[in-house]
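Take a look at the structure set out below.
The values are calculated or read from the model by the stated rules, or taken from the named source; none is laboratory data. It should be emphasised that the depicted structure is a prediction, and the values quoted were computed from it without experimental measurement. Reconstructed Cβ throughout: ideal geometry from the backbone, glycine too, with neighbour counts over all protein chains shown.
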């Protein structure tokens, strides 16, 4: 491949669970299968990953399950040989509809198989990504049997099998930092909502100071972080004020009012308020005019898509669906 990759980066189809698993895996016994190129109809886009280990473990999916057995065999072989490898899976021909994996998707995946033992310090790049920093991944071969890989500030040189001709121009993928949501107030919905948001890729912070609702730690409710603070205090922290979304969910009128007033002074683009429209109107009457004006274009009230159903489970699902749609540019 050429030394200078000048093509604009593709937005990587990042799956947080895979990166989290890679950061905690035993490097000697695990490999990443990274999608570097696709064509036709495929289950994932470039940048998607799955992690395979020598104990039969797998995190992440690159197909509906039909291609993973072959990927696993090749990933484990790469671990054994101590070198990166390449794998092309092409199901675009008519005969692929009824033979082999019978996946029927008519697509092509080009994978790089990367043993973690060759990537010391990978967890540092993952931690920076998880902390809100975009990371650019570059793959280049300067020799037929040598691959240079960079992810953010980390750089590795790996032995590898000869690269496919189609990758001669190199690969550049942008790993956008995961979206961050601030949940102001705990209630019946939070232990259902927070794990669901993490599963679909969000970094979650719960702000709750009330002893009745404050969990022992973040893990108890499936959050990434817990701040035992008042809403106004939490929003003075740079990491909180830089969140992509905030959900006001105290089930307490005065605390919700405090949270809304504090959020009005931030640039958080998505503000969701739990509860009926009449409650939101009552809250707005108590806010200063400048706060109402600042919140109005950003406020979703009641937060959540109208999917039908009642109760904590239905509410959690509706909120997660709205955040997912909004984050991906859908009307929400």
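Descriptive notes on the structure:
- A single entry from 151, 118 fulfils the requirement of being more than 19 Å from residue 10 (Cα to Cα) and crowded, with 19+ Cβ neighbours inside 10 Å: 118.
- When residue 316 is tested against the conditions (1) touching a helix residue (DSSP H, G or I) at 6+ places or on another chain (Cβ under 6 Å); (2) over 25 Å from residue 132 (Cα atoms); (3) assigned to a helix (DSSP H, G or I), the lone failure is (2).
- Residue match in the stretch 281-289 (condition: outside any helix (DSSP H, G or I) and within 29 Å of residue 211 (Cβ to Cβ)): yes
- Any hit, the stretch 89-105, residues being modelled with pLDDT of 85 or more and surrounded by 13 or more Cβ atoms within 10 Å (Cβ to Cβ): yes
- Filtered by the rule that a residue be surrounded by 14 or more Cβ atoms within 10 Å (Cβ to Cβ), outside any loop (DSSP other than H, G, I, E, B) and without any contact (Cβ under 8 Å) to a residue 40 or more places away in the chain, the stretch 52-71 gives 52, 53, 58, 68, 70.
- Scanning the stretch 202-249 for residues that are out of contact with any strand residue (DSSP E or B) (no Cβ under 8 Å at 6 or more places or on another chain), outside any loop (DSSP other than H, G, I, E, B) and under 15 Å from residue 268 (Cβ atoms) yields a count of 3.
- Reported count of residues in the stretch 296-321, each being in contact with a strand residue (DSSP E or B) (Cβ under 7 Å, 6 or more places away or on another chain) and either buried (at least 18 other Cβ atoms within 10 Å of the Cβ) or free of Cβ contacts under 8 Å to residues at least 24 places away in the same chain (or both), is 5.
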